[in-house]
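**Student:** Quick one: the structure is below, questions incoming.
The values are calculated or read from the model by the stated rules, or taken from the named source; none is laboratory data. Source: prediction; values computed, not measured. Quick reminder, even Gly has a Cβ in these numbers, built from the backbone with ideal geometry, and neighbours come from all protein chains shown. The area values use the complete protein model at the heavy-atom level, side chains included, leaving out ligands, DNA and RNA. Shrake-Rupley method; radii C 1.70, N 1.55, O 1.52, S 1.80 Å.
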Amino acid sequence: MNEVMERVRLSASWKAVLGDEFNKPYMESLRHFLLQEKSARKIIYPKGKDIFSALDHIEFDQVKVVILGQDPYHGPGQAHGLCFSVPKDVPAPPSLKNIFKEMNQDVMTQNGADGCLTAWAKQGVLLLNSVLTVEKGQAASHQYKGWEEFTDVVIQHLNQKREGLVFLLWGSYAQKKGQFIDNKKHLVLKAPHPSPLSAHRGFFGSKHFSRTNKYLVQNGQAAIDWQLS
């Protein structure tokens, strides 16, 4: 395994799947960009150890569900490498509150206070942002720097090498990013984004959580326990 791969905090199964991806020119350009930003004393979220946290929580062959986000939260203390999630004891942001509202009605959970979703990740839910870093207070500031290409590769490997996954694509951005997913091999569920601006347009009432579990059980897999402790 090459030196760059050795330095990346990532599970062995993902390193094996991604192979030489970290040595490609676009990743070298991305590393250079991040180093420049840090040299300029800009604050980058999440912390370096959490950048690949979504992948590091789950082995490649244990992924059952994929939720696609856009980029990390850009407020202090919020981003920790899992899309829509915040660290324990951090209040749930508006979109996550709407996710909980729909889930509570769909599968009778009682989520709401704690916004940390690591319990889902441990069960096989890949909470993957398209862009894995952001500058403090500057939403979408690291778009088109290389992360999109990397996360496209992640999705392509899951699409091609796995079967029977559930992809939850909320909003036009996620739906465009996931447009190549083979819906004959996987269940692809689409809805408007859960943000306060669009959740009422069809995210509420989509029943994605119960539909996900029905599909998993029908395909011989354990359902996701959506209830957070």
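**Student:** Among the residues of the range 1-53 satisfying the criterion of being polar (S, T, N, Q) and not in a helix (DSSP H, G or I), which is modelled with the highest pLDDT?
**Tutor:** Restricting attention to the range 1-53, the residues satisfying the condition of being polar (S, T, N, Q) are 2, 11, 13, 23, 29, 36, 39, 53.
Imposing the further condition that a residue be not in a helix (DSSP H, G or I) reduces the set to 2, 11.
Values: ASN2: 46, SER11: 81.
In this case the residue turns out to be SER11.
**Student:** Mind listing whichever residues of the range 182-221 are touching a residue at least 60 places away in the same chain (Cβ under 8 Å), hydrophobic (A, V, I, L, M, F, W, C) and assigned to a loop (DSSP other than H, G, I, E, B)? Even if it seems obvious, please write down each step before you answer.
**Tutor:** Here is the first cut: in the range 182-221, the ones touching a residue at least 60 places away in the same chain (Cβ under 8 Å) are 193-196, 199, 203-210, 212-213, 216, 221.
Applying the additional criterion that residues be hydrophobic (A, V, I, L, M, F, W, C) yields 199, 203-204, 209, 216.
PHE203, PHE204, listed by residue number.
**Student:** Follow-up. Please work out if ASP89 is farther than 21 Å from LEU30 by Cβ, open to solvent by less than 40 Å² (accessible area, probe 1.4 Å) and modelled with pLDDT under 95. First the steps, then the outcome.
**Tutor:** Working: farther than 21 Å from LEU30 by Cβ: yes; open to solvent by less than 40 Å² (accessible area, probe 1.4 Å): no; modelled with pLDDT under 95: yes.
In short, no.
**Student:** If you check LEU132, LEU127, LEU96, which single one turns out to be closer than 30 Å to GLU37 by Cα, open to solvent by less than 20 Å² (accessible area, probe 1.4 Å) and in a helix (DSSP H, G or I)?
**Tutor:** LEU96
**Student:** For the range 130-161, name all the residues that are in contact with a strand residue (DSSP E or B) (Cβ under 7 Å, 6 or more places away or on another chain) and closer than 13 Å to GLY178 by Cβ.
**Tutor:** Taking the range 130-161 and keeping what is in contact with a strand residue (DSSP E or B) (Cβ under 7 Å, 6 or more places away or on another chain), we get 130, 133-136, 141-142, 151, 154, 158.
If the condition is that a residue be in contact with a strand residue (DSSP E or B) (Cβ under 7 Å, 6 or more places away or on another chain) and closer than 13 Å to GLY178 by Cβ, then SER130, THR151, VAL154, LEU158 are the ones that fit.
**Student:** Something else about it: Please go through the range 185-210 and pick out each residue that is open to solvent by 90 Å² or more (accessible area, probe 1.4 Å), among the charged types (D, E, K, R) and out of contact with any Leu (no Cβ under 6 Å at 6 or more places or on another chain). Talk me through it step by step, then tell me what you get.
**Tutor:** So in the range 185-210, the residues open to solvent by 90 Å² or more (accessible area, probe 1.4 Å) come out as 190, 197, 200-201, 207.
Cutting the leftovers down to among the charged types (D, E, K, R) gives us 190, 201, 207.
Result: ARG201, LYS207.
Rundown of residues vs (1) in contact with a strand residue (DSSP E or B) (Cβ under 8 Å, 6 or more places away or on another chain); (2) over 26 Å from TRP226 (Cα atoms), yes/no style:
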| site | (1), (2) |
| --- | --- |
| GLN36 | no, yes |
| PHE52 | no, no |
| ILE67 | yes, no |
| GLN78 | yes, no |
| VAL90 | no, no |
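**Student:** Report yes if LYS145 is open to solvent by 10 Å² or more (accessible area, probe 1.4 Å), within 15 Å of TYR73 (Cα to Cα), part of a loop (DSSP other than H, G, I, E, B) and of a type in the set (Lys, Arg), otherwise no.
**Tutor:** Numbers: open to solvent by 10 Å² or more (accessible area, probe 1.4 Å): yes; within 15 Å of TYR73 (Cα to Cα): no; part of a loop (DSSP other than H, G, I, E, B): yes; of a type in the set (Lys, Arg): yes.
No; evaluated as a whole, the condition is false for this residue.
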